[in-house]
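**Student:** Below is a structure I'd like to ask you about.
The values are calculated or read from the model by the stated rules, or taken from the named source; none is laboratory data. It should be emphasised that the depicted structure is a prediction, and the values quoted were computed from it without experimental measurement. Cβ coordinates were reconstructed from backbone atoms using ideal geometry, including for glycine residues, and neighbour counts include every protein chain displayed.
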Amino acid sequence: MKSNIFKKDPFIGSPEWGESKYWSYKDLSVHFRVTGDESNPPIVLIHGFGASSDHWRNNAEIFASEGFRVFGIDLIGFGKSEQNLQRKIKYLENQFWANQLASFLDEIVDIQKNGKVILIGNSLGALTAITTLSERPELIKTIIAAPLPEPVFINPIKFYFPSWLVKVKSFLIKIFFHLFPLKILINLISRTKLITFALQSAYFRSISNDNLLKRIVTVPARRPNASKALRSMCVGMSNRANYSKGPSILEKIKNLPNRPPILLIWGNKDKLIPIFLAKKLIKLHPWLKLSVIDNAGHCLHDELPNHFNQIVLKWLENLKTSEQPI
């Protein structure tokens, strides 16, 4: 039985694209948006760290106008999705979000009825997408990762620590993030001009006058349980096992039968994950494809949407006409 529930969107002031809906996952409220004809092939957009489905403000309706049914999901802890975990979920990390996404594909996108999905993810969203692919490849037609994080670990992880040292490390990380004043830090950044400085690191163009972008990020950050959700993410992502990290996931995907094609899109001015790391990643995994956008930073889908959208649509058109099974 499907566990989706729908209710009126209580938030005002965010960019509105498509229809705003809610769904329940593990008794946690999940917000998503949807636009386009129900009979069209499905695309799911997955935001990056600190963002939400609103961040696809310049992409979703374009894809819908080109003949796709477009969904944008807010991962647990972000956007308008649940931030008050109430001990239901201890920690948030990409394996958890991948399970959330897979359930969303099963229950809301309905792969059985509408066919395999196209996943487009920005940064953390891209990591969530490939994690989902590694676990549920039968759901996915193709992935567009723009960009893919964790390339600093481009070589497969081959070192192992004794279990007692892993436990000590995990304990120290938990203590650190429970003592670190995350709530004060979030309030300081989201309620002062520091937000402009923080966001600018993800963009090449100036975002000082982009008040809509600042609202996309600051409104969720000002919710009462934002710091609790962030603490769960910090501990969860820091304490992941090696098999949940990018290199191991890519190694698993590499060996999948009928592996879906993956396109990486990178901004050549990305300060968070520089382009030279993308090129190293491609050398290590030549089955990945790379497209580079000039004068774009980490959030290239929002910074140069026209260029980004054209690359995506061309990739999807080539897949449609290709003899390669997808």
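**Student:** Exactly one condition in (1) free of Cβ contacts under 8 Å to residues at least 60 places away in the same chain; (2) assigned to a loop (DSSP other than H, G, I, E, B) is not met by Val292; state its number.
**Tutor:** Going through (1) free of Cβ contacts under 8 Å to residues at least 60 places away in the same chain; (2) assigned to a loop (DSSP other than H, G, I, E, B) one by one, Val292 breaks only (2).
**Student:** Could I ask something else about it? Could you please find all residues in segment 49-103 being of a type in the set (Val, Ile, Thr) and either within 23 Å of Ser39 (Cα to Cα) or not in a loop (DSSP other than H, G, I, E, B) (or both)?
**Tutor:** Scanning segment 49-103 gives Ile62, Val70, Ile73.
**Student:** Given (1) farther than 23 Å from Leu148 by Cα; (2) surrounded by fewer than 22 Cβ atoms within 10 Å (Cβ to Cβ), where does His31 come up short, assuming only one miss?
**Tutor:** It fails just one condition, (2).
**Student:** Can I ask one more? Is it fair to say Gly36 is closer than 22 Å to Leu199 by Cβ, at pLDDT 90 or above and surrounded by 21 or more Cβ atoms within 10 Å (Cβ to Cβ)?
**Tutor:** no
**Student:** Further question on the same structure: Looking only at segment 125-136, decide whether some residue is surrounded by fewer than 18 Cβ atoms within 10 Å (Cβ to Cβ), closer than 30 Å to Pro274 by Cβ and modelled with pLDDT of 65 or more.
**Tutor:** Scanning segment 125-136, I find at least one residue that is surrounded by fewer than 18 Cβ atoms within 10 Å (Cβ to Cβ), closer than 30 Å to Pro274 by Cβ and modelled with pLDDT of 65 or more, so the answer is yes.
**Student:** In segment 65-88, what residues are small (Gly, Ala, Ser) and crowded, with 16+ Cβ neighbours inside 10 Å?
**Tutor:** Across segment 65-88, the qualifying residues are Gly72, Gly77, Gly79, Ser81.
**Student:** Restricting attention to segment 14-42, and to residues there that are in a loop (DSSP other than H, G, I, E, B) and of a type in the set (Asp, Glu), which single residue is farthest from Leu92 (Cα to Cα)?
**Tutor:** Ranking the candidates gives Asp37 first.
**Student:** Let me ask another. Across segment 242-272, what is the number of residues that are closer than 14 Å to Ser123 by Cβ, in contact with a strand residue (DSSP E or B) (Cβ under 8 Å, 6 or more places away or on another chain) and not small (Gly, Ala, Ser)?
**Tutor:** Looking only at that region, the number is 3.
Results for (1) among the charged types (D, E, K, R); (2) surrounded by 21 or more Cβ atoms within 10 Å (Cβ to Cβ); (3) out of contact with any Asp or Glu (no Cβ under 9 Å at 6 or more places or on another chain), shown as yes or no for each residue.
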| residue | (1), (2), (3) |
| --- | --- |
| Arg223 | yes, no, yes |
| Met233 | no, yes, no |
| Ser244 | no, no, no |
| Asp270 | yes, yes, yes |
| Ile275 | no, no, yes |
| Ala278 | no, yes, no |
| Leu284 | no, no, yes |
| Asn309 | no, no, no |
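**Student:** From Lys252, Lys289, grab the single residue that is of a type in the set (Lys, Arg) and either within 14 Å of Ala146 (Cα to Cα) or buried (at least 21 other Cβ atoms within 10 Å of the Cβ) (or both).
**Tutor:** None of the other options fit; the residue is Lys289.
**Student:** For segment 201-221, how many residues meet the condition of being in a helix (DSSP H, G or I) and crowded, with 16+ Cβ neighbours inside 10 Å?
**Tutor:** Going through segment 201-221, the residues in a helix (DSSP H, G or I) turn out to be 211-221.
Then drop every residue that is not crowded, with 16+ Cβ neighbours inside 10 Å, which leaves 213-214, 216-221.
Qualifying residue count, segment 201-221: 8.
**Student:** In a loop (DSSP other than H, G, I, E, B) and within 24 Å of Leu316 (Cα to Cα) - does that describe any residue in segment 238-251?
**Tutor:** No; the residues of segment 238-251 include none that is in a loop (DSSP other than H, G, I, E, B) and within 24 Å of Leu316 (Cα to Cα).
**Student:** Looking at segment 106-131 only, could you name the residues that are among the acidic types (Asp, Glu) and either in a loop (DSSP other than H, G, I, E, B) or touching an Asp or Glu at 6+ places or on another chain (Cβ under 6 Å) (or both)? So that I can check it myself, show each step before the final result.
**Tutor:** The initial filter retains those residues of segment 106-131 that are among the acidic types (Asp, Glu), namely 106-107, 110.
Passing the criteria: only Asp110.
**Student:** If you don't mind, there's one more thing I want to ask. Against the condition without any contact (Cβ under 8 Å) to a residue 40 or more places away in the chain and crowded, with 23+ Cβ neighbours inside 10 Å, how does Ser53 come out, does it pass?
**Tutor:** yes
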